[in-house]
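Asks: Take a look at the following structure, please.
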Amino acid sequence: MFIRQLNYLITLAREQHFARAAERCNVTQPALSSAIRNLETELGLVIVRRDRRFLGFTEEGERVLGWARQTIAALDHMRQDASTARVLTGTIRIGVIPTTIPIVGSLVAPCCEQHPMIRYSVRSLSSAAILRQLDDYELDIGFTYLDDDTQAGFEVLPLYRERYVLTSPKGSGEGACLGVRRWNAVGALQFGLLDSSMQNRQVINAAFRRAGVQPKVVLEADSLLTLISNVRHAQLHTVLPHSVLSVMDHTDQVAVTSLEPELTREIGLITRDLPSRPPLVSALWEVAKHLDLQESFDTFLDRSQAVARASMNA
């Protein structure tokens, strides 16, 4: 019953609503409320602030919630570890920044081959949300930017350095036939870029500011697929990480141009720094260590530019 109470508490924190939390836990609302009250009685403190509805957690309740998350996570890891004598099963919860969504399969596919019974839950999140959900034991692994703030207190596995490239409609005159463009030479183009709240967009904005350019942004989106579609069909330009090229058909109606000065960001995996890595996390981690994503993505960039040059010369 104690474990069930902790699960109720964690679900209530996530849903912020008694009825929704009860529905998630497949119990009635009175049953969930009663279980949490019993936990408060057992611990001798008030955990939840309430009148007729959920108002949040008390200061003591926030501390109990933190221990509850750690306890449930440790229990899950114990179950995983016990299962390693047989076959690894369970679900890895992965938080990915939007620019890595297209290539997360590069991690999942080889892990599926080695551990066919593992399942994967992939969530598109901001880098800040990934850190927060790792801290709250709501994620197992983050696939995100690596910088000093991100790496502090986490175990880190660098995977590749993404290179930002100008992606244009074929035949626009801004394609790979021109070789390399400087940031201050593309400010007059019409751009589609990711939403300004996203870190990718903030990095691109900073590059334009350093070049003394205010880009003409006529479309903002929250997905790379939308941007690519508008390059093909709306004759817009965008700036993408070169890793995305690895999942694009080279017959796509786009051309790729390198930008100078080159803008790069380091990408990798992060997870909670624990004395013993949970078995499911360790399985994906070990697979990722043996991937050479940098060479793969750099090769696709070279190939994309070669295809565009050959098309122009034909």
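Nothing in this text is a laboratory measurement; each read-out follows from the coordinates by a stated rule. Just so we're clear, the structure is a prediction, and the values are computed from it rather than from any experiment. In this analysis, Cβ positions are derived from the backbone assuming ideal geometry, glycine residues included, and neighbour counts consider all displayed protein chains.
Asks: Among the complete DSSP H segments of the chain, which ones combine at least 18 Å of alpha-carbon extent along their axis with a mean Kyte-Doolittle hydropathy of -0.5 or more?
Replies: Those that pass (Cα extent of 18 Å or more, hydropathy at least -0.5) are 2-15, 29-43, 293-313.
Asks: Using the 10 angstrom Cβ neighbour count as an exposure proxy, how do 34, 197 rank, fewest first?
Replies: Fewest-to-most ranking of 34, 197: 197, 34.
Asks: Can you list residues whose amide H is under 5 Å from residue 92's amide H, if they're 5+ apart or on another chain and H is modeled 1.01 Å from N?
Replies: Result for residue 92 returns 119, 120, 121.
Asks: Continuing with this model, one more query. What number, in percent, do you get for the relative contact order of the chain if the mean sequence gap of Cα pairs under 8 Å and at least 6 apart is divided by its residue count?
Replies: So the answer I get is 21 percent.
Asks: Right, here's the next one. Could you identify which residue out of 51, 76, 135 has the top mean-square fluctuation in a GNM of the chain using Cα springs shorter than 10 Å?
Replies: Evaluated over the chain, the most mobile residue of the options is 51.
Asks: Then there is this: From the list (i) 77, 47, 33; (ii) 60, 45, 35; (iii) 55, 44, 37, can you say which value of Cα extents along the principal axes in Å was derived from the structure given?
Replies: Correct label is (i).
Asks: Can I ask one more? Starting from the amide H of residue 217, placed 1.01 Å from N in the peptide plane, find each other amide H under 5 Å away whose residue is 5 or more places distant or on another chain.
Replies: Amide H to amide H, under 5 Å and 5 or more residues apart or across chains, residue 217 pairs with 191.
Asks: Can you give me the long-range amide H partners of residue 58? Hydrogens built in the peptide plane at 1.01 Å from N, cutoff under 5 Å, separation of 5 or more residues or another chain.
Replies: For residue 58, whose amide H was placed from the backbone, the distant partners under 5 Å are 48, 49.
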